[in-house]
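Comments concern the structure below.
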Amino acid sequence: MSRVYLHSDHHHNTLNKVMILLMLPFICWGFYKNGIKLYLAEYISLLEMFKPILLVLISVLVTWVFSKINHEKFIGYLLVSNLLISLIVMPNINLLGYLILMIILNFFYKKWKFNIVPIFMIIAIAIAILIKDYHFFNVLENSVEHSYSLLDYLIGKGYGGISNTCLVVSLISLGVLSFNVMYKKQIPLMAFSSYYLFALITIFVTGTTNQDLLLNNNVIFAFVFLSNISIYTPYSRGGRYIYGLLLGVLTFAFSFIDINLGVYLSLGIVSFLSPLIDRFIVGKTENNLVEML
């Protein structure tokens, strides 16, 4: 029987605040890796050095404006979503383009309450592909041959979004979040399990180790943070397991096309299916109760 949990707004707000606090180390790392470090190496200008911070400020400002327009709380799911976007976008994203797309999606969010994070990334990546500038490398990484070790990925030297590349912080965040009653830990548990099961089978069959498949920062960060924005995920316990399973399997399947785009396509699909998953699980539970009576 699948259990359904209901919690107060207080619990939701607590989780949102915890997630925001856990983003701070990523923001600091992104500012160093894709800002200070590149400026000191004379790859970017002084203004470009602050790009990771400016993305965060744009997200905060846009959220504040729309919270006033829509008479909603400033600290909520929209702020969390917009801040997450500022961490996962490509390092070469245009600031003006970021602002425009952020405003457009926040405008439509009021009407449809869709998962803004994967939609933003799918659109941004599609635009980058069209203008032939799609990659997740910063200007230094894009100009030299790169080969990352496990330690490089762990301490944040690997490629990924502008501020989400510190893998060890992602893993620590998963541990911290798992102690929060509102964090649906069944989702990342199933996502990681199904994804890595297929990844390891692939490695065994092919006899080759794909490091990007195993240690991709975008995938790991997405499973920890993006998969658990509460209003876009199932409320039933059984639904969470199915949601996480689908996320892991779809992400692996899409990795054969593009692993970075694939995780956001998967998130978009499972977010859309979330209500249907709950209806299936809750309906099945109700049928079981009727049979028992």
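The values are calculated or read from the model by the stated rules, or taken from the named source; none is laboratory data. Quick caveat, the model's predicted, so the values are computed rather than measured. Counting neighbours? That spans all protein chains shown, and the Cβs are built from the backbone with ideal geometry, glycine included. Protein only, heavy atoms only, side chains kept; ligands, DNA and RNA dropped before computing areas. Shrake-Rupley method; radii C 1.70, N 1.55, O 1.52, S 1.80 Å.
Selection of first residues in the stretch 30-42 that are closer than 20 Å to Leu87 by Cβ and open to solvent by 10 Å² or more (accessible area, probe 1.4 Å) and of second residues that are assigned to a helix (DSSP H, G or I) and of a type in the set (A, V, I, L, M, F, W, C), restricted to Cβ pairs under 6 Å at least 6 apart or on distinct chains, gives the following pairs, ordered by first then second residue: Phe31/Ile53; Tyr39/Met49. Residues that are more than 20 Å from the chain's Cα centre (by Cα) and surrounded by 15 or more Cβ atoms within 10 Å (Cβ to Cβ) were ranked within the stretch 100-141; the one that is nearest to Ser271 (Cα to Cα) is Glu141. Of the helices (runs of 4 or more DSSP H) contained entirely in the stretch 30-135, those carrying at least 2 residues that are β-branched (Val, Ile, Thr) and closer than 27 Å to Asp152 by Cβ fall at 51-69, 77-88, 116-130.
Residue-wise test of (1) touching a Phe, Trp or Tyr at 6+ places or on another chain (Cβ under 8 Å); (2) farther than 30 Å from Thr165 by Cβ; (3) surrounded by fewer than 17 Cβ atoms within 10 Å (Cβ to Cβ); (4) at pLDDT 95 or above.
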site	(1), (2), (3), (4)
Leu245	no, no, no, yes
Thr251	yes, no, no, yes
Leu261	yes, no, no, yes
Ser274	yes, no, no, no
Arg279	no, yes, yes, no
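The set of residues from the stretch 146-172 being assigned to a helix (DSSP H, G or I) and farther than 14 Å from Tyr32 by Cβ comprises Leu150, Leu151, Asp152, Tyr153, Leu154, Leu167, Val168, Ser170, Leu171, Ile172. Taken over the stretch 64-81, residues that are more than 24 Å from Cys166 (Cβ to Cβ), of a type in the set (S, T, N, Q) and in contact (Cβ under 8 Å) with a residue 24 or more places away in the chain amount to 1.
Need pairs with beta-carbon distance below 8 Å; first residue at positive phi and within the stretch 155-174, second part of a loop (DSSP other than H, G, I, E, B) and open to solvent by less than 10 Å² (accessible area, probe 1.4 Å); sequence gap 6+ or separate chains. Close Cβ pairs (under 8 Å, with a partner that is part of a loop (DSSP other than H, G, I, E, B) and open to solvent by less than 10 Å² (accessible area, probe 1.4 Å)) amount to Gly156/Thr165; Gly160/Phe136; Gly160/Asn216. Scanning the stretch 82-99 for residues that are free of Cβ contacts under 8 Å to residues at least 40 places away in the same chain and open to solvent by 50 Å² or more (accessible area, probe 1.4 Å) yields a count of 2. Residue under question is Lys51, and the condition is that it be within 26 Å of Leu174 (Cβ to Cβ) and either among the basic types (Lys, Arg) or without any contact (Cβ under 8 Å) to a residue 24 or more places away in the chain (or both); does it hold? Spelling it out, it is not the case that Lys51 is within 26 Å of Leu174 (Cβ to Cβ) and either among the basic types (Lys, Arg) or without any contact (Cβ under 8 Å) to a residue 24 or more places away in the chain (or both). Of the residues making up the stretch 56-75, just one is small (Gly, Ala, Ser) and farther than 14 Å from Ile100 by Cα, namely Ser67. Considering each residue of the stretch 210-228 in turn, at least one proves to be open to solvent by 60 Å² or more (accessible area, probe 1.4 Å) and touching a residue at least 40 places away in the same chain (Cβ under 8 Å).
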